[in-house]
1. Can you give the direction-averaged projected area of the convex hull of the alpha-carbon atoms in segment A:155-245, in nm²?
2. Per residue, what volume in Å³ does the Cα convex hull of segment A:3-136 take up?
3. Subtract the Cα-Cα distance of A:Y196 and A:A292 from 0.36 nm times their separation in residues, and report this length gain in nm to one decimal.
4. In nanometres, what is the gap between the two model label sites at B:L91 and A:E219, each 7 Å from Cα along Cα-to-Cβ?
5. Could you give the radius of gyration (one decimal) and Dmax (whole number) of the Cα atoms in segment A:53-209, in Å?
6. In degrees from 0 to 90, rounded to the nearest 10, what is the angle of the helix B:105-119 Cα long axis to the longest principal axis of chain B?
7. Take the Cα atoms of segment B:127-222, build their convex hull, and give its volume per residue in Å³.
8. A:K218: which aspartates and glutamates have alpha carbons under 13 Å from its alpha carbon, excluding same-chain residues fewer than 8 sequence positions away?
Amino acid sequence: MKLSSKLILFITGSKLAVVLLFIISLPFLVDGIVSEYTNYSLRRQQDKVINIVHKNGINHYLQGDASYGSYTMLKEEYIALEPDSLNLHIDTIKVAQRLVEKDTLTYRILIHTFQYKQKNYLLEIGKTTSSINQYNKPLQRIALYVLMGLIALSLLFDLVFTRILIQPLGKIISSKLINRKFPFKDHSPPVQTSTYDFKYLDESLILLMDQINEAFEKEREFTANASHELMTPISILQNKMENLIDDEELSDAAIMRIVEMMKTLNRLKKISSALLLISRIENEQFAKSDAAKPIDLVNEVIEEIDHRLEEKKLSISAQLEPQVILAGINKDLLFQLFYNLINNAIKYNVENGSIHISNTFSAQNGYAIILSDTGIGISAEELPFIFDRFRKTNLSENVGHGLGLSIVKSIGLYHNIDIQVKSKPGTGTTFTLTFPAALYKKMD
Amino acid sequence: MKVLIVEDEKTLAYEMEDFLKKAFYICDLAHNIKDGLDKIEANSYDFILLDLGLPDGDGLTLLPKAKKHNPDAAYIILTARGNLEDRIAGLDLGADDYLPKPFSLLELQSRMQAIARRKFNVKEELLALGTFNLDLQKRLIFFQENQIELSRKEFDLLSYLFLHANRVLTRMQLSEHIWGTFADDDYDSNYIDAHIKNIRKKLNAWAPTDFLETVRGVGYRIKK
């Protein structure tokens with residue numbers, strides 16, 4: 001999941017949780033506040049009543065009656081005063097029902113006993129619970145609306161801000177990481193940001209890529225120099241042996257040994273040449289200005305190699321579109337590419353096996369050439385490494401210097417040809433070469 | 001024919017000299033540009049074999065000056081640089097051929113002979129190979145008036161052996177000549193044997209081919 005989606009999800013989720021918590025706790029909260037406030041106002045009324053009683057005297061209210069009672073018109077509130085004959089000593093606030101003029105209503109009632117002139121009196125002040133709670137609902141609703149509005153507003157701010165905040169990260173990813181192909185030759189400018197972490201990440205990436213490039217350059221230079229420097233001593237040895245083998249005084253045994261030495265030297269020569277070729281391709285020392293039909297290239301390769309087909313009685317078929325022409329290529333390199341692939345298809349094939357070369361056109365992928373063989377195949381563990389230098393899948397056979405597919409890979413990369421391999425041990429291997437649109441034309 | 005070898009690797013130069021002398025060339029050696037120019041100014045050569053990486057400069061710079069004094073010589077560039085640009089520059093400056101190091105001395109000689117045929121207009125009559133006759137220019141082989149059909153590779157093989165007559169050529173040397181850099185790494189393969197067998201079969205239909213010898217464990221030789 002992307003960081004931005006995660007942040008949006010988290011922010012929205014946390015706000016929703018707050019809203020939910022608020023909605024659940026709001027009734028209790030409001031009830032609590034209202035009942036606290038009611039208790040407080042009942043106590044204040046109690047104080048006022050007792051003050052008035054002390055000021056005006058109790059008889060001002062009782063007027064000879066046994067008790068005094070007063071209530072508002074809608075019976076929302078009442079006050080009752082009576083002598084406390086039972087000497088109760090109560091001081092409490094409770095919810096209870098009272099019968100007021102034939103109506104039984106639920107009140108929140110303050111019951112308080114007090115002394116006046118050595119006599120005990122009982123005071124009751126009541127408020128209907130419905131009048132107490134009448135503002136609860138609207139209050140809750142308004143609180144909820146205000147909260148939701150605020151949350152929505154803060155959510156909007158948060159989202160906009162996170163978007164702006166993490167924007168440089170997206171830029172770093174798109175400019176430094178996505179679709180970057182090794183070697184990283186095109187330098188993209190540093191991403192502008194005031195966030196230190198992103199700046200650091202961006203600079204580190206640029207630095208790392210530079211270091212990789214530098215290491216790669218050094219390796220390339222080394223390969224080129226080393227293989228080049230090897231050529232002269234190899235040259236001397238080869239020519240010495242060529243002269244030596246013609247010496248008539250040599251015994252047959254000595255000559256045989258020289259022949260063996262020449263074979264070994266030739267192996268060394270092939271390895272050096274292959275490495276040199278790879279480094280020359282990587283150094284882009286080959287002009288890409290030729291044009292050739294794939295069918296011609298493949299047929300040339302087959303002609304060059306057909307003596308090897310006979311040995312294993314292999315059949316080869318090349319069904320390629322004769323109208324396709326590859327332009328902007330290096331013909332020698334492409335010849336080498338097809339040669340190495342077909343050579344491998346022969347080398348790793350079985351008796352009476354076959355090699356099939358075909359092509360496809362698709363709107364999506366363009367032009368592709370498919371080479372499949374009925375050879376021994378490559379195991380899934382080996383498959384990712386077949387293009388690596390000096391890797392050999394089957395060491396039990398004499399399979400050459402192990403650079404053939406590395407050369408194929410270099411040539412493919414140099415021409416932007418995408419190379420895919422599929423293989424099944426015991427069944428065969430299929431190479432698919434997909435050519436970029438700029439490289440091929442189809443004539444009518 | 002007279003050859004000047006401009007090569008700073010002395011051991012290599014001596015080996016080339018050794019080989020070419022056996023093939024009846026007269027050789028001079030130069031190990032740097034200055035020495036090379038002195039010799040070119042003083043003598044007239046048929047072949048100038050030129051290394052590019054010389055201690056006192058790029059061998060290519062010698063080429064135009066040398067051409068002034070020896071315009072008719074054939075120039076062959078020998079280099080371990082193997083750069084395509086070198087090859088193009090060399091051929092642009094009028095070099096006749098280009099051999100990347102390491103090269104086989106057999107290949108060098110065969111290139112020299114090819115240039116000689118082309119450049120010096122050597123009137124080559126048919127060359128005798130046993131009772132057969134070879135036309136190297138037209139790449140044909142005859143028995144009396146009858147032309148014998150050989151494949152391209154078969155003729156390459158036979159003419160290479162012929163050019164290096166009395167010398168044993170290994171299967172590896174032969175396959176390198178025919179397939180060049182694409183020669184198989186599997187030297188014990190019998191492709192060369194198969195071709196030789198075909199050549200013998202085709203020629204034996206007309207006359208014996210005792211001149212084409214098999215040297216056991218090594219390769220083949222044409223005896224003259």
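Please treat every number below as a calculation from the coordinates, not as lab data. These numbers come from a predicted model, not from an experiment. Here the Cβ is made from the backbone with ideal geometry for all residues, glycine too, and neighbour counts use every protein chain on show.
1. Reported value for the Cα convex hull: 8.4 nm².
2. Spread over its residues, the Cα hull of segment A:3-136 gives 143 Å³ apiece.
3. Values: separation 96, 0.36 × 96 = 34.56 nm, distance 5.33 nm.
The span from A:Y196 to A:A292 would gain 29.2 nm if fully extended.
4. Calculated label separation equals 3.4 nm.
5. Expressed in Å, the Cα Rg and Dmax of segment A:53-209 come to 37.2, 111.
6. With both axes taken from Cα atoms, the answer is about 80 degrees.
7. Working: hull volume 8.8 nm³, N = 96.
Convex hull volume per residue, Cα atoms: 91 Å³.
8. Those aspartates and glutamates meeting the cut-off are A:D210, A:E282.
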